[in-house]
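> Okay, handing you the structure first.
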Amino acid sequence: MSAPEPHEEHPRLKLSDQLAHPVRFSMVAAIAGTDESEFGVIRDHLQVSDSVLSRQASQLEEAGIVKIRKGFVGKRPRTWFSLTPKGRDVWEQHLAALREIANGEATADRL
Amino acid sequence: MQATVEPRINGQRYAWIAYAMGIACMAALFITGLALGKPQLTVMASSMAVLLGAVWASTAASARKRSTGAIVRQDTGIVVAREAGEAQPSAQAARELLNEASRLESAARSGSGWPHIAMLLGLGAITSLSMLAFWFVGRFDESLVALPLIAMLIWLGIFMVFMMVFGRSTKRGFGRRWMTFMMIWAGLWVIGILLASTLLTGQLWFAIVIATAITINSVIGAWLEASA
């Protein structure tokens, strides 16, 4: 006797809670297209203050989504962000869930 | 918004005038070198002209991409912020979030590569032309061999400083691409210098082959980086 098919979960359940926040969502979106991005570049793209970006970046780092690297160019301190392998998986899954939600209603409308 | 865009346009205009004047001066120097029969002058003038052209092209591409990014930034965040706190986004909200993610991703990527593209093109230009300059110097006056070498190293330093200071982000996959093209370049350069100074001294065809290979490698590398 075969086991019953597990009920397919709603795509919204696959969304990452960490990426529900708009700044964190935008930050990961901006970093996703790069190997590594500097703090100032992301701040300019998101048009947020240093403190807001710093706080959200720390939360993403704690969640293992973003890697933060600190260094110097000459005497100037610089901070770079990159997605961890886990972070990239979380991002891909989040986007896939959003696509499912977006396509789901479109399909329902056609029916 | 106008107040921030106008100075940038003026700055670009002045930069274009400077590039055009620089290239015109190099063209005059090149013609002078030909007229006086001084190969060193023609080599230096043509090297400088190529470098100026390369930096001009990469700056123009960067400026175009940055202006696109500025337009994207104006509405970024508004849609995303509207969706803040929605645990169950509607299909329309999901589509808007996907659009914003796509736009942010491409905006972050598009403005990121120009220092590395300039470095690749510049490195290709200075080293391929140096190969030819070394041949010229060896043929006419070997005591001047330090001149193209020093000029090459100065320009190499300039490109490296630009890349380190202004290279604030790298496109996805940059590390792998960079390593590949740098290894090919280093191999060609070492082979070129070793053979040109031992077995194939004074062979113009060899200098041309190595210079062409270095140019092709740099152009492909820069092209792939620009299209990534």
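> Just give me the residues in segment B:188-197 being farther than 16 Å from B:Ile126 by Cα and not polar (S, T, N, Q), in sequence order.
B:Ile191, B:Leu194, B:Leu195, B:Ala196
> B:Thr201 fails exactly one of the following numbered conditions: (1) surrounded by 20 or more Cβ atoms within 10 Å (Cβ to Cβ); (2) not in a helix (DSSP H, G or I). What is the number of that condition?
Checking B:Thr201 against (1) surrounded by 20 or more Cβ atoms within 10 Å (Cβ to Cβ); (2) not in a helix (DSSP H, G or I), the one that fails is (1).
> Hey, can you tell me all the residues within segment B:126-158 that are among the hydrophobic types (A, V, I, L, M, F, W, C), more than 23 Å from the chain's Cα centre (by Cα) and open to solvent by 90 Å² or more (accessible area, probe 1.4 Å)?
Selection gives B:Phe140 alone.
> Here are A:Ile31, A:Ile68: which of them is under 21 Å from B:Ala108 (Cβ atoms), hydrophobic (A, V, I, L, M, F, W, C), modelled with pLDDT of 90 or more and open to solvent by 20 Å² or more (accessible area, probe 1.4 Å)? Outline the logic, then answer.
Working: A:Ile31 fails: open to solvent by 20 Å² or more (accessible area, probe 1.4 Å).
From the options A:Ile31, A:Ile68, the qualifying one is A:Ile68.
> Filter segment B:166-194 for residues that are farther than 30 Å from B:Phe206 by Cβ and either free of Cβ contacts under 8 Å to residues at least 40 places away in the same chain or touching a Leu at 6+ places or on another chain (Cβ under 7 Å) (or both) and give the result.
B:Gly175, B:Arg176
> Also, quick follow-up: Can you tell which of A:Phe81, A:Phe72 is free of Cβ contacts under 8 Å to residues at least 40 places away in the same chain, in a strand (DSSP E or B) and of a type outside the set (Ser, Thr, Tyr)? Walk me through how you get there before you give the answer.
Numbers: A:Phe81 fails: free of Cβ contacts under 8 Å to residues at least 40 places away in the same chain.
Exactly one of A:Phe81, A:Phe72 is free of Cβ contacts under 8 Å to residues at least 40 places away in the same chain, in a strand (DSSP E or B) and of a type outside the set (Ser, Thr, Tyr), namely A:Phe72.
> Another question about this same structure. Got a number for residues in segment A:37-62 being within 14 Å of the chain's Cα centre (by Cα) and acidic (Asp, Glu)?
Residues flagged as within 14 Å of the chain's Cα centre (by Cα) and acidic (Asp, Glu) within segment A:37-62 amount to 2.
> Among the residues of segment A:47-61, are any open to solvent by 60 Å² or more (accessible area, probe 1.4 Å), among the hydroxyl-bearing types (Ser, Thr, Tyr) and either free of Cβ contacts under 8 Å to residues at least 40 places away in the same chain or under 28 Å from B:Arg176 (Cβ atoms) (or both)? Can you show your working first?
If we filter segment A:47-61 for residues that are open to solvent by 60 Å² or more (accessible area, probe 1.4 Å), which is where we start, we get A:47, A:50-51, A:55, A:59, A:61.
Adding the requirement that they be among the hydroxyl-bearing types (Ser, Thr, Tyr) leaves A:51.
Checking which are either free of Cβ contacts under 8 Å to residues at least 40 places away in the same chain or under 28 Å from B:Arg176 (Cβ atoms) (or both) leaves us with A:51.
Scanning segment A:47-61, I find at least one residue that is open to solvent by 60 Å² or more (accessible area, probe 1.4 Å), among the hydroxyl-bearing types (Ser, Thr, Tyr) and either free of Cβ contacts under 8 Å to residues at least 40 places away in the same chain or under 28 Å from B:Arg176 (Cβ atoms) (or both), so the answer is yes.
Let's see how each residue does on (1) away from every other protein chain (no Cβ under 14 Å); (2) modelled with pLDDT of 85 or more; (3) open to solvent by 80 Å² or more (accessible area, probe 1.4 Å):
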site	(1), (2), (3)
B:Met160	no, yes, yes
B:Arg168	no, no, no
B:Gly175	no, yes, no
B:Thr180	yes, yes, no
B:Ile191	yes, yes, yes
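The values are calculated or read from the model by the stated rules, or taken from the named source; none is laboratory data. Model, not experiment: these values are computed from the prediction. Positions of Cβ are backbone-derived with ideal geometry, glycine not excepted, and every protein chain shown enters the neighbour counts. Heavy atoms of the whole protein, side chains included, go into the accessibility calculation; ligands, DNA and RNA do not. Shrake-Rupley method; radii C 1.70, N 1.55, O 1.52, S 1.80 Å.
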